[in-house]
Each structure stands twice: as structure tokens, then as C-alpha cells.
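Visitor: This is the structure I want to talk about, given as C-alpha cells.
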Amino acid sequence: MKKHAVRIGFGILVVLVFVANAAGWVRLPLMEHLEALTYDARLKSTMPNTVDPRIVIVDIDEASLRPRELGGEGRWPWPRNRLALMLDNLFDRYGAAIVGFDVVFAERDESSGLQVLRNLANSQLKDDASFRSALARIEPQLDFDGAFADRMRNRPVVLGYYFSPERRAAVSGMLPAPVLPPGTFAGKNIPFYTAYGFGGNLPDLIRAAASAGHFNPYTDPDGVSRRVPMLVEFKGAYYEPLSLAMVRVLLGMTAAAKTGAATIALPKVVPGYPTEGIWSRGYQGLEWLQVGPLRIPVDDRVTALVPYRGKQGSFKYLAAADVIQGKADPADLKGKIVLVGTTAPGLFDLRSTPVASVYPGVEIHANLIAGMLDQNIKQKPPYVLGAEIVLLLLTGLAMTLALPLLAPDRQALATVGALVSVVAANIAIFHYENLVLPLASGLAMIAVLFIFSMAYGFFVEARGKRQITSLFGQYVPPELVDEMAKDPTSFSMEPESREMTVLFSDVRGFTTISEGLEPKDLSSLMNEFLTPLTEVIYSHRGTIDKYMGDAIMAFWGAPLPAHDHARQGIRAALQMHRKLAALQPQFKSRNWPEIRIGVGLNTGRMSVGNMGSSVRLAYTVMGDAVNLASRLEGLTKEYGAAIIVGESTRALTAQDFVYRELDRVRVKGKLEPVAIYEPLGATGEVDKRTLDELRIFSQALKLYRAQDWDMAELQLINLLKATPQFRLYQLYLDRIGVYRSSPPGRGWDGAFTFEHK
């Protein structure tokens, strides 16, 4: 252990830093962000992703706001008599169990013109008895707020309102009675969500409704809504959210039904907050709220984690216009919990959540209601702090003492095992026990300990790496050298046979380019485009074989074996063209000519190792597959293709990339024909127009090989009209012209023979 004292000492220091962060003695902002991300990942991996049939969202969507949908008015807010009709339909026609509004009604509805008529009756027409008499008769019909309040009365309707945390926030409307009076938590130092202003509903509406709750989510520092305050403090009293208000009204209804009452009681405040048990013994903070038979877990700020069921659409959505017009299916609403909200972007009730960056706020309430009823809201009680510290100490000290004793590969295995064990145990507790234990700090600590241990070994064992670097550093990217240095004895430069992928690239018209530049400018140009292309090959784990003037030769699969050598080669070739396109403006600004390259790739068995003479050796590849790759690069000029690959390369990567079959050819030096292809991009990234063009060209190829010259020519002419600059289609049209006069014969295999390299 003595020789590992430095490693162990640093490891203990790392553990203490993470423990201090967990205890709150130091603050690592990155850990807060990572913890939020790991919570989101756990939530999304364990969500049921099913639709809850108990809750229905009546959506004031864009369609419902269109003028033609509801009597020619395309505006919000709607007249309250329309909402009164909605309530009548929901309860009388459809049989809804309860209705909650994720909307605030802070201002009086003047759309009927009643106030104008009243002003006339009190001014210009105050002496007109007939006018005043007529007004008295129609006034109830024009009092839309009164009509809306009447439809709420003696019905299970819950209103929404909002609080403002700004110290100078305004106050409007009226709040419902608090669920807990001032002084309830006297002597308890609990950091409640504190409000200084609110936007409430009209007093008549509040008095008529069964209850009301706020719809304020708790927004984390990253702007994501993961929690909702279960109690908001305002002037010493405590107020509940919309979701909890609806559940308490439901509990009151259920309790009344169980007692056999003749009518369903709708008390303003349903009993269920007993003084005993509202906070757990031994803690200053709250662990849960007891609401009748339900227990709602809360964290140290008395917020509840929203148990998201899935992405938007975890609850049935019905258009508000259909409900008002009586077009909804009664089966969708009978006996259901109904939330009235909006997904229309212009009404600003869209939130960022762990499951989607744009998510309807009304569905947050729906998720909470479902979680309360199912009793599956995640818990994050105060004692998780102690659990986190204990786990950090145990895991950190075990890793600190064990890693120095292990070889690098065993260190990696031990670290992966620790990470998997921590993640698996945490997710199991999260899913089955509904307990949220911190995860990011433990994972980060394990990662830091491992990185330090490996870095220390890196410097101590630098001699082995220097040996590898001296052998392979000029051929392969640094990250491959690092991997090889972990076990230097496993690599040599002795020739061997492997299946690999080889790449050749060449600049089009380089002779003309070089003749038009001064030697100094030519040298600068070579460096400017060879360097970034080399970096692309390195970034895809390729090995540079050699530079041949303006050409590059590279391969994949040696010195480190690579199961995906063909895929990495194709990715590198595509990226080389993108990189070169990005360099063109820079070249143009320096009065350099446009640089275009052709790339050929082929996969097959080839010899790799140190080859050459007694005077000079080079780590390179040789074989028939290598020669074919060189020929394919030369064919890019013939077909107007940026990249051409052989059929073996295409076969290994057919699922990963979209290819255009170019031809079947006999290249110089080979008797057997080979199919050649042009990769156009990764699967899923190629646009529909190109895919349609490929389909048509594939049909044209079949017709061409069947010697149906007329139909093939027709297809090719249509393709050429769409992309006149593409050489391929004209090439085939020229061939058809030749074959019409000199048919290839019945035994023709469709291949074209090239006599030049």
C-alpha cells in the first residue's frame, strides 16, 4: 500500500469533496445539473407510457379558437355563458364526475354589453321606464358571470389561480379559503414556496365553486418543471395546488357516498389534514401530507415530484368546441375527472418538463391527480441526505483502496461493475419503492476516481506508451495509441492477414491546379486541405498509410482490430467531403481554386504490416482488395460520384447508409465483374426526393440490364431533366445509344469493362 499512498490520498480527498457537496458545505453547480438529468433519465426509463382512462382533458385548442368553430368568434377569453354551457354539457349531458379549470377568471365578462345598458339606464335613459323595465327582464340573461357562477353552484367544480413570487407582485381577484391557517407550522423552519401576489378569480365565481387551487409549477434552475408546491405560503396561510384541490373534492364526494348520504356533499375544505402526523417525527421538515386515506410525499420545500406517465397524450384529449357543441362521445366523459385547459400556443400554458421541452401545463395537473390516486408519487424525504453521505463514503473508500491494486483492464471492469451496481440499485429503489436517492454524485465520484487512477498509471507507465508511440504514432490517431499502450506486448509490426477497409482519395484536376499556383502557395494549399482531411480520418479511428502528392491512402482494422471498420471508413469519406465543402470559402478568399476529391473504398482480406526493403520499411497494406479500392477511386471521375465503394463494403454497411448502385464493372486487371455503389448519407438522413430518385434509377438499371433500351432511356431522360448536372444519367444514355447499334448479346451480364486504371 505504501507505493500507492499518493493515489489513495488523492482518492480520499475526492471522496471528501463529494461528501461536502452532498452535505451542503461546498456547492458544485454541475452536480445539481447532473442530478436533474439523472432524475429525468430514471423517470423516462420507468414511465408506464400508457393512457390513464380516468382523467380527460377538455382542450381549448387552436381549432376551438377558430372563428368558425363557435359562433364566429375567434378570440380568448370566451364569453362566460359559453363556459356555462360547457359545464351544463359536461355534467348533464356527459355525466362528468368533477371538473377543474386550469384557467383563471380574473376579470368580469363585459362581452354581453350589460354594463353599457346599465350605464344608459343610469344616465341618458334613466327616465325611460320602458327601457328600465326591459333591462330588468333581460339582465339575468346578459349577466354571463352570474350564469357561469350559477352553473358551478352545487356542482364539483374546482377553479384555478396563480401566485407570484415577486415581492412587488400585484394582487387581483379573490383567493379561496386557505387549507391551513396561519400558525400551523409555528416553530418549524420549513422553506415553503412563498408568494407575495396572486391572480385570483372573481369573488362570485370563488363563492360558487366547490374549491380552487393554484397552478404554479416549481421551476428548477434549468427551467424544467419537475415538481409542484403542495403548500404555498401567502401572508402566513397555506394554499393547495389545483390537483390536490380536485382530489380533496373527490374524497369528499366519496366519503359522502359511502355514508349513504342522499346528496353528494361538496365542502369548501374537505377534512384530511390532521395535526398529528402531518410532519414526520424527528425531522423539522415535512415528509408527507395526509389527505384522508391518501399520503402525498413531499420534499424539503414541500413540493411533490410530478409522476409523469409519458409524453404528451398520456390522457384523453377532447376539443372544447366538441364538448360545447355536444359532439363529444359520452363514453369518453361519463364518470371521468375532467380538466379544462389549453394547448394553444398563444395562451402560454406550455412548459418545459423532463419528458418534453414543450408540454401542456394542464397535463402536469392530470399527472399529479393520477399519482395521488395511485399513490405512486416519488418520495425524496430529508433522510436521503444521510443515505447519500453513507453511500458516498462506502463506495468512495472501497474504490480508493481497490483501484491501485488492479491492472488497468481490471480497473475498468471494477469501475463498470460499480457504476452498473449503483445505477441498477438506484433505479430499482426509484421504481419499486418510489424513493428518489441521489445518483449523479455517486456516479461522478466513481468516474473521477477511475480517471485519476488511470491518469496516474498513464504517467507511471509512460515508457510503454513511448515505445508504442515510436512504432505507431506516425500512422494512427493518439486515442488508438493510448489504447495500444495499455498492453504494448500485444502489438507488433509483423505482417499478417486481416479483413480490413482501405480508402484512397485524390484531388480532381490537380495537375492543372498545381500549374496555376506558385510553389509556396501550392505548399500552403496542400497543408490546408490535407490537415483537416487527416483529422477527419483520425476522428473515425483510421490509420494513415501514406500521402502520395495530393492523394491520401488510409485503412481501418489495423493495428487495432475494428469490427466496424467498413462503417467507420464510410463515415470518414462522407465527412471528408463535408469538411472540404466548408473549406471552399476560405480557399476562395485566398484566390485558390476550388478543390474537389474523389474517394474509393473497398473491404476485403489484405496483408498488413511492415513491408519494404532492408533500406526502408513502411507500415502498409497490400492485396487485391487494396488494388480494387484504388481503381474505384479512379472511377469516381467516370460516374461523377463523390465516393465509390465496392460491393463487400456496401454489404457490411447496408443497414447504416443509403446507397446508389452505380454499375457492375470489370476494372483493369480483374476478370470478374464487381458491383459499385455510391453512399449518399446515413440511413434516415437522406431526403425523400433523393430516395424517390434512387428508386427510379434502380428501375432504370433493371431495364438497362434487361436490354429494354427504350424504357430505360425514358426513365433516364426523366432523371436527367430533374438533375441535369449529374453525369451518371448521361453516361447511361450514351451507352444505350451505342448498344442500340451494337447490342451486347443475350449472354450479357450487364457489366461494363474498363481498359484503363
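Visitor: Per residue, how much accessible surface does segment 1-55 expose to a 1.4 Å probe? Answer in Å², no decimals. Walk me through the intermediate numbers first.
Guide: Numbers: 3240 Å² over 55 residues.
With the other protein chains kept in place, segment 1-55 gives 59 Å² per residue.
Visitor: While we're looking at this one, here's another question. Check which residues have an amide H placed less than 5 Å from THR342's amide H, if you skip close sequence neighbours.
Guide: Sorted by chain and number, the residues that satisfy this are ILE60, VAL362.
Visitor: What is the spin-label model distance, in nm, from ALA412 to ASP749 if the labels are put 7 Å beyond Cα along the C-beta direction?
Guide: 4.4
Visitor: So if R0 is 22 Å, what FRET efficiency would GLN312 and ARG108 give, r being the distance between their Cβ atoms, rounded to the nearest 0.05? All intermediate terms of the calculation are to be shown ahead of the outcome.
Guide: Values: r = 33 Å, r/R0 = 1.52.
Approximately 0.10, to the nearest 0.05.
Visitor: Which entries in the list LYS235/LYS380; LYS668/LYS721; LYS546/LYS588; LYS188/LYS316 go over 30 Å, if you measure between the two C-alpha atoms of each?
Guide: On the way: LYS235/LYS380 27 Å; LYS668/LYS721 33 Å; LYS546/LYS588 28 Å; LYS188/LYS316 41 Å.
Those over the limit are LYS668/LYS721; LYS188/LYS316.
Visitor: Express the carbon and sulfur contribution to the solvent-accessible surface of segment 626-690 as a percent, rounded to the nearest whole number, probe 1.4 angstrom. Could you put the intermediate results ahead of the total?
Guide: Working: 1290 of 2830 Å².
Here it works out to 46 percent.
Visitor: Quick one: accessible area per residue over segment 615-757, 1.4 Å probe, rounded to a whole number of Å²?
Guide: On the way: 7420 Å² over 143 residues.
Computed with neighbouring chains in place, this is 52 Å² per residue.
Visitor: What percentage of the solvent-accessible surface of segment 287-326, computed with a 1.4 Å probe over protein heavy atoms, is contributed by carbon and sulfur atoms? Let's see the in-between values first.
Guide: Numbers: 590 of 1310 Å².
The nonpolar share, carbon plus sulfur, comes to 45 percent.
Visitor: Given points 7 Å out from each Cα along the Cα-Cβ axis, report the TYR547 to SER357 separation in nanometres with one decimal.
Guide: 4.0
Visitor: With θ set to phi - 60° and the Karplus curve 6.51 cos²θ - 1.76 cosθ + 1.60, what are the ³J(HN,Hα) couplings of segment 587-594 in order, to the nearest whole Hz, using x for Gly and Pro?
Guide: My calculation for segment 587-594 gives 5, 4, 5, 9, 6, 8, x, 5 Hz in order.
Visitor: By per-residue mean of other Cβ atoms within 10 Å, what is the highest-first order of 541-554, 672-685? The partial results should precede the final answer.
Guide: Values: 541-554: 19.6, 672-685: 17.1.
Sorting 541-554, 672-685 by mean packing, highest first, produces 541-554, 672-685.
Visitor: Right, here's the next one. With θ taken as phi - 60° and the coefficients 6.51, -1.76 and 1.60, list the Karplus ³J(HN,Hα) couplings across segment 80-93 in order, rounded to whole Hz; mark glycine and proline as x.
Guide: Values per residue, Gly and Pro as x: 5, 5, 5, 5, 4, 5, 4, 5, 4, 5, 4, 8, 7, 7 Hz.
Visitor: Highest mean first, how do 594-605, 287-298 rank when packing is the count of other Cβ atoms within 10 Å averaged over residues? Working shown, then result.
Guide: Details: 594-605: 22.1, 287-298: 19.0.
Sorting 594-605, 287-298 by mean packing, highest first, produces 594-605, 287-298.
Visitor: Of all accessible surface on segment 1-59 at a 1.4 Å probe, what whole percent is carbon and sulfur? Numbers along the way, then the final one.
Guide: Values: 2310 of 3250 Å².
Reported share for carbon and sulfur atoms: 71 percent.
Visitor: Given a 1.4 Å probe, how much area per residue of segment 494-558 is accessible, in Å²?
Guide: Spelled out: the 1.4 Å probe surface of segment 494-558, per residue, equals 44 Å².
Visitor: On a full-extension model of 0.36 nm per residue, what is the gain between LYS327 and PHE10, subtracting their alpha-carbon distance, rounded to one decimal in nm? Don't jump to the answer; show the numbers that get you there.
Guide: Numbers: separation 317, 0.36 × 317 = 114.12 nm, distance 6.99 nm.
Gain on stretching LYS327 to PHE10: 107.1 nm.
Visitor: Would you kindly give the portion of the calculated P(r) for segment 315-416 that falls above 18 Å, as a percent of all Cα pairs?
Guide: Numbers: 3621 of 5151 pairs.
Tail of the P(r) past 18 Å holds 70 percent of the pairs.
Visitor: Right, something else. For segment 564-572, take each phi angle, set θ = phi - 60°, evaluate the Karplus expression 6.51 cos²θ - 1.76 cosθ + 1.60, and give the result in whole Hz per residue in order, putting x for glycine and proline.
Guide: Going residue by residue, I get 10, 4, 5, 5, 5, x, 5, 4, 5 Hz, with x marking Gly and Pro.
Visitor: Then there's this: Can you give me the long-range amide H partners of VAL621? Hydrogens built in the peptide plane at 1.01 Å from N, cutoff under 5 Å, separation of 5 or more residues or another chain.
Guide: Amide H neighbours of VAL621, under 5 Å, 5+ apart: none.
Visitor: Report the full-extension gain for the segment ALA654 to SER613: residue separation times 0.36 nm, less the Cα-Cα distance, to one decimal in nm. Don't jump to the answer; show the numbers that get you there.
Guide: Working: separation 41, 0.36 × 41 = 14.76 nm, distance 3.96 nm.
My answer for the length gained is 10.8 nm.
Visitor: Sticking with the crude label model, points 7 Å out along Cα→Cβ, report the distance from GLN725 to SER524 in nm, one decimal please.
Guide: 2.8
Visitor: Then there's this: Can you tell me the order of 426-434, 726-734 when each peptide is scored by its average per-residue count of other Cβ atoms within 10 angstrom, highest first? Could the numbers behind the result be given before it?
Guide: Values: 426-434: 15.1, 726-734: 17.1.
Highest-to-lowest ranking by the protection proxy: 726-734, 426-434.
Visitor: Given a Förster radius of 56 Å and the C-beta distance between GLU672 and GLU433 as r, what FRET efficiency does 1/(1 + (r/R0)^6) yield to the nearest 0.05?
Guide: On the way: r = 65 Å, r/R0 = 1.15.
Efficiency, from the Cβ-Cβ distance: 0.30.
Visitor: In terms of modelled amide H atoms, which long-range or inter-chain residues lie less than 5 Å from the amide H of PHE657?
Guide: It is THR683, by chain and number.
The values are calculated or read from the model by the stated rules, or taken from the named source; none is laboratory data. Treat the numbers as computed from the prediction; the structure is a model and nothing was measured. Reconstructed Cβ throughout: ideal geometry from the backbone, glycine too, with neighbour counts over all protein chains shown. With ligands, DNA and RNA removed, areas are computed over all heavy atoms of the protein, side chains included. Shrake-Rupley method; radii C 1.70, N 1.55, O 1.52, S 1.80 Å.
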